[in-house]
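Below is one structure, written out as structure tokens; comments come after it.
Any read-out appearing in this document is the output of simple, stated calculations on the displayed coordinates, not a laboratory observation. Model, not experiment: these values are computed from the prediction. Glycine also receives a Cβ, built like all others from the backbone with ideal geometry; neighbour counts cover every protein chain displayed.
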Amino acid sequence: MSKQSSSHDGKHFVVQKGKSQCNQGDQFPEHKVTVHTKHYWNDSDGVADFLAVTEDDLQFNPPGPSFGKCKLKPTPGGYLPCSYAPAGKWQKTYEKVKVMGKCCVTEISELQCSVGGKITIKDHGQRGEMTKQNVKNADTTMVQHINPLVKMDDFKETVEESEIDAY
């Protein structure tokens, strides 16, 4: 059985603290998850910032003119504020993973605005964190080649004694 590749391969799921951009706007609001309060990406503590964004999560923080000034609404003094109006659900969502029956938004997902803009993901919102296990599993020789200034055995010892959480 061969594994079919997907355009979502290697892409991150979007979390509530991620940001979107409209190709006609000048601000980058964070997502507002309204569909559920149950699934968090990479956060066992249940911090709302890490709620999974789904195809039906169409609101942003701040609300209102979420994307700032709209280039499709010129005035003699500049541009009118965004009048965000989603035209349906997020498209190009990851259909293999669902939360509460809804497909998840990834870095390649898009949302059309009925005013004419195309909304895409600017920042998925997830950040990698180093754990004691990462340091413990690091190849000392490889690290020395990459960064000869780091004495890896000393660093491992320091990390073991530190308060970095182990997973």
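Across the cross-link table entries LYS98/LYS136; LYS38/LYS69; LYS69/LYS92; LYS19/LYS136, which are compared at the Cα atoms, the separations over 30 Å belong to LYS98/LYS136; LYS38/LYS69; LYS19/LYS136.
Only Lys, Arg, Asp and Glu carry charge here, each on its Cβ (+1 for the first two, -1 for the last two); on that basis the chain has a dipole of about 1040 debye about its Cα centre. The equivalent ellipsoid of the stretch 5-50 has semi-axes of 21, 18, 9 Å, largest first, where each one is the square root of 5 times an eigenvalue of the Cα gyration tensor.
If contacts are Cα pairs under 8 angstrom and at least 6 residues apart, what is the relative contact order of the stretch 19-123 in percent?
Working: 231 pairs, mean separation 30.9, N = 105.
Worked out over the stretch 19-123, it gives 29 percent.
Charge tally around CYS103: other residues with Cβ under 10 Å, Lys/Arg +1 each, Asp/Glu -1 each, net +2.
Loop exposure criterion: trypsin sites (Lys or Arg not before Pro), DSSP state outside H, G, I, E and B, at most 14 other Cβ atoms within 10 Å. Applied to the chain, the longest stretch between such sites is 39-126.
Each label point was placed 7 Å from the Cα along the Cα-to-Cβ direction; for LYS11 and THR75 their separation is 3.6 nm.
If you run the Gaussian network model on the chain, springs between alpha carbon atoms under 10 Å, then out of PRO62, PRO74, PRO148 the most flexible one is PRO148. Pick the calculated volume of the Cα convex hull per residue in Å³ for this structure from (1) 110; (2) 122; (3) 188? Matching entry in (1) 110; (2) 122; (3) 188: (3).
Projected onto their three principal axes, the Cα atoms of the stretch 1-89 cover extents of 59, 34, 20 Å, largest first.
Once every DSSP H run of n ≥ 4 in the chain is given -39500 (n - 2.57) and the sum is divided by its residues, what mean residue ellipticity at 222 nm do you get, rounded to the nearest 500 deg cm²/dmol? Numbers along the way, then the final one.
Working: 3 runs with 23 residues, N = 167.
Here the helix-only value at 222 nm equals -3500 deg cm²/dmol.
With the simple model of a label 7 Å out from the Cα in the direction of the Cβ, VAL150 to ARG127 spans 1.8 nm. Axis angle, to the nearest 10 degrees, between helix 152-161 and the longest C-alpha principal axis of the chain: 80 degrees. Comparing ILE121, ILE146, ILE108 in a Gaussian network model of the chain where C-alpha atoms under 10 Å apart are linked, the largest mean-square fluctuation is found at ILE146. For the stretch 36-92, a simple Cβ point-charge model (Lys and Arg +1, Asp and Glu -1, everything else neutral) yields a dipole of about 480 debye relative to the Cα centre. Listed by chain and number, the aspartates and glutamates whose alpha-carbon sits under 19 Å from that of LYS156, ignoring those within fewer than 8 places in the same chain, are GLU129, ASP139, ASP165.
Of the GluC sites (Glu not before Pro) in the stretch 101-158, which ones lie in a loop per DSSP and count no more than 12 other C-beta atoms within 10 Å? It would help to have the intermediate numbers written out before the result.
Numbers: sites: GLU107, GLU110, GLU129, GLU157; in loops: GLU107, GLU129.
Counting only loop positions with at most 12 other Cβ atoms within 10 Å, the GluC sites (Glu not before Pro) in the stretch 101-158 are GLU129.
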